[in-house]
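The values are calculated or read from the model by the stated rules, or taken from the named source; none is laboratory data. Not measured: the values here are computed from a predicted model. As a convention, Cβ positions derive from the backbone with ideal geometry for all residues, glycine included, and neighbour counts pool all protein chains shown. Ligands, DNA and RNA are stripped out before the accessible areas are found, and what is left, the full protein with its side chains, is counted by its heavy atoms. Shrake-Rupley method; radii C 1.70, N 1.55, O 1.52, S 1.80 Å.
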Amino acid sequence: MSRIAFVNGRYLPYRQAAVHIEDRGYQFADGVYEVCEVREGHIVDERRHLERLSRSLGELRIPPPMTPRALGFVLRETVRLNRVREGLLYLQVTRGVARREHAFPPAGTRPALVVTARTRDRAKAETLAEAGIAVITVAENRWERVDIKTIALVPNVLARQAARETGAGEAWFVDEEGFVTEGAASNAWIVTEEGALVTRPAESGILRGITRTVVFEMAAASGLKIEERPFRVDEALQAREAFVTAATQIVMPVIKIDGTPIADGKPGPLARMLRARFHAVAEIGE
Ligand code: PDD
């Protein structure tokens, strides 16, 4: 079956799915995106992803490409046309196509919208989670507005590649004061000796992850304590558990940081529990 992408108003087979060379996403990374999990054919946490998209667009002053309701329809239609049961949905909005000039294009330039969906092997993801991933640390080198989910991801690309080259699954950015900000494409967490979940406040240095928000709700529902505060690499190395959260990873146990095993070097019980219960708490679409 050929894959279908939604490109500026049309559902197209992949071979014909293309954007203009003067798309500002291509020239300036002038755009934003979202990634949602698809589970049993349903989009996970669509409402929250669309709310965050609206916020990202607002911060960059890119007009919404369509109403949230119409966009929701396009997302579901893209999942359906690609017959995705288990997988990922990707959507990207850029400031549109215009002659190259850094300042905004003329008023009325239409934002460009691309939506794709792909199948992913759930069993493989579960096997990875059973084993847990290793993490490396890298110096934070991104701009201050990482709260906006922009497609300008070169530092994240380089960090993730550095992780891969050492056999690790994720890289954690560490700021000048030695505090972990977040992963190349995930939020970072540790568990204290007392069993509290620690993650950096979303006020600075990180993207407010949707998965992170759902974990907050799970913690509240199951009486787990959350300490929303920055933590250093040293503290992470002494932690009882560590894990990352993202739509692509759900809750992924971290078993090693910079080559040092965390606790007994196996996925921790809280990370496993949060992963197992995640979809009972997340909003799953119709
Ligand atoms: N990234 N921080 C960064 C830098 C991210 O890129 C992501 C997700 C997250 C977690 O956000 P959420 O829980 O809403 O997925 C945090 C997506 C999955 C990606 O770029 O593939």
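For a test of the definition: using alpha carbon positions, the gyration tensor, and the 1.5 limit on a/c, classify the range 124-279 as rounded, prolate or oblate.
Numbers: a/c = 1.36, a/b = 1.20, b/c = 1.14.
Since a/c stays below 1.5, the shape of the range 124-279 is classed as rounded.
Could you work out the local net charge near Arg160, counting Lys and Arg as +1, Asp and Glu as -1, over the other residues with Cβ closer than 15 Å to its Cβ? Don't skip to the answer; put the middle values down first.
Details: positive: Arg142, Arg164; negative: Glu140, Glu165, Glu170, Glu182.
That works out to -2.
Say R0 is 45 Å: what FRET efficiency, to the nearest 0.05, do Ile226 and His20 get from their beta-carbon distance? Intermediate results must be reported in sequence, preceding the final value.
Values: r = 45 Å, r/R0 = 1.00.
Approximately 0.50, to the nearest 0.05.
How would you order 113-126, 83-96 from highest to lowest mean count of nearby Cβ atoms within 10 Å?
On the way: 113-126: 15.6, 83-96: 20.2.
The most tightly packed comes first, giving 83-96, 113-126.
Compute a Gaussian network model of the chain, connecting alpha carbons closer than 10 Å, and tell me which residue from Ala171, Ala162, Ala246 fluctuates the most.
Result for the chain, Cα springs under 10 Å: Ala162 fluctuates most.
What angle, in degrees between 0 and 90 and rounded to the nearest 10, separates the Cα long axis of helix 154-165 from the longest principal axis of the Cα atoms of the chain?
It works out to around 50 degrees.
Note the full-extension length gain between Glu176 and Val35 as 0.36 nm times their separation in residues minus their Cα-Cα distance, in nm to one decimal. Walk me through the numbers on the way to the answer.
On the way: separation 141, 0.36 × 141 = 50.76 nm, distance 2.91 nm.
Gain on extension, Glu176 to Val35, equals 47.9 nm.
At what distance in angstrom do the alpha carbon centres of the range 41-64 and the range 141-162 lie from each other?
Value for the Cα centre distance between the two parts: 19 Å.
Just going by the charge dipole of the chain, with Lys and Arg at +1 and Asp and Glu at -1 on Cβ, which of Ala219, Pro261, Val84 is farthest out on the positive end?
Val84
Taking the Cα centre of the chain as origin, work out the dipole magnitude from +1 charges on Lys and Arg Cβ and -1 charges on Asp and Glu Cβ, in debye rounded to 20. Kindly include the intermediate steps, with their values, before the conclusion.
Details: 40 positive and 38 negative charges, 286 e Å.
In total the dipole reaches around 1380 debye.
Could you work out the per residue convex hull volume over the alpha carbons of the chain, in cubic angstrom? Spell out each step's value before the answer.
On the way: hull volume 38.1 nm³, N = 286.
Once divided by residue count, the hull of the chain is 133 Å³.
For helix 46-60, what angle does its Cα long axis make with the longest principal axis of the chain, in degrees from 0 to 90 and rounded to 10?
Result, in degrees: 70.
Assuming 0.36 nm per residue, please report the length gained on full extension of the stretch Arg277 to Thr260 beyond their Cα-Cα distance.
Details: separation 17, 0.36 × 17 = 6.12 nm, distance 2.82 nm.
The span from Arg277 to Thr260 would gain 3.3 nm if fully extended.
For a label point 7 Å from the Cα of Arg47 along Cα→C-beta, name the residues of the range 185-228 whose backbone N is under 16 Å from it.
Correct set: 210-211, 213-215, 217-218.
Relative contact order (percent) for the chain, with alpha-carbon contacts under 8 angstrom and 6 or more residues of separation?
Reported relative contact order: 18 percent.
Sort 227-239, 23-35 by the packing proxy (mean of other Cβ within 10 Å over each peptide's residues), most packed first.
Values: 227-239: 15.5, 23-35: 20.0.
Ranking the peptides 227-239, 23-35 by packing returns 23-35, 227-239.
Rounded, prolate or oblate for the range 192-278? Axes are the square roots of the Cα gyration tensor eigenvalues, ordered a ≥ b ≥ c, and the cut-off for rounded is a/c under 1.5.
Details: a/c = 1.43, a/b = 1.22, b/c = 1.17.
Here the range 192-278 falls in the rounded category.
For every helix of n ≥ 4 consecutive DSSP H residues, a contribution of -39,500 (n - 2.57) applies; sum these over the chain, divide by its total residues, and give [θ] at 222 nm rounded to the nearest 500 deg cm²/dmol. Don't jump to the answer; show the numbers that get you there.
Working: 8 runs with 86 residues, N = 286.
After summing the helix terms and dividing by the residues of the chain, the value is -9000 deg cm²/dmol.
Note the full-extension length gain between Leu12 and Arg55 as 0.36 nm times their separation in residues minus their Cα-Cα distance, in nm to one decimal. Write out the running numbers ahead of the final one.
On the way: separation 43, 0.36 × 43 = 15.48 nm, distance 2.81 nm.
So the chain would gain 12.7 nm between Leu12 and Arg55.
Can you give me the relative contact order of the range 161-228 as a percent, contacts being Cα pairs under 8 Å and 6 or more apart?
Working: 77 pairs, mean separation 15.6, N = 68.
Relative contact order here is 23 percent.
Determine the share of the range 114-226's accessible area contributed by carbon and sulfur atoms, expressed in whole percent, with a 1.4 angstrom probe. Don't jump to the answer; show the numbers that get you there.
On the way: 2870 of 5280 Å².
The C+S portion of the solvent-accessible surface of the range 114-226 is 54 percent.
Which shape class applies to the range 45-190: rounded if a/c is under 1.5, otherwise prolate when a/b exceeds b/c and oblate if not, where a ≥ b ≥ c are the square roots of the Cα gyration tensor eigenvalues?
Values: a/c = 2.27, a/b = 1.26, b/c = 1.80.
Taking the square roots of the gyration eigenvalues as a ≥ b ≥ c, the range 45-190 is oblate.
Any idea what angle helix 269-281 forms with the longest principal axis of the chain, computed on alpha-carbon atoms, 0 to 90 degrees, nearest 10?
40 degrees
Would you mind getting the accessible area per residue of the range 97-182, heavy atoms of the protein chains only, 1.4 Å probe, in Å²?
That works out to 59 Å² per residue.
Hey, rough spin-label estimate for Leu237 and Gln27, points 7 angstrom out along Cα→Cβ, what's it come to in nanometres?
4.8 nm
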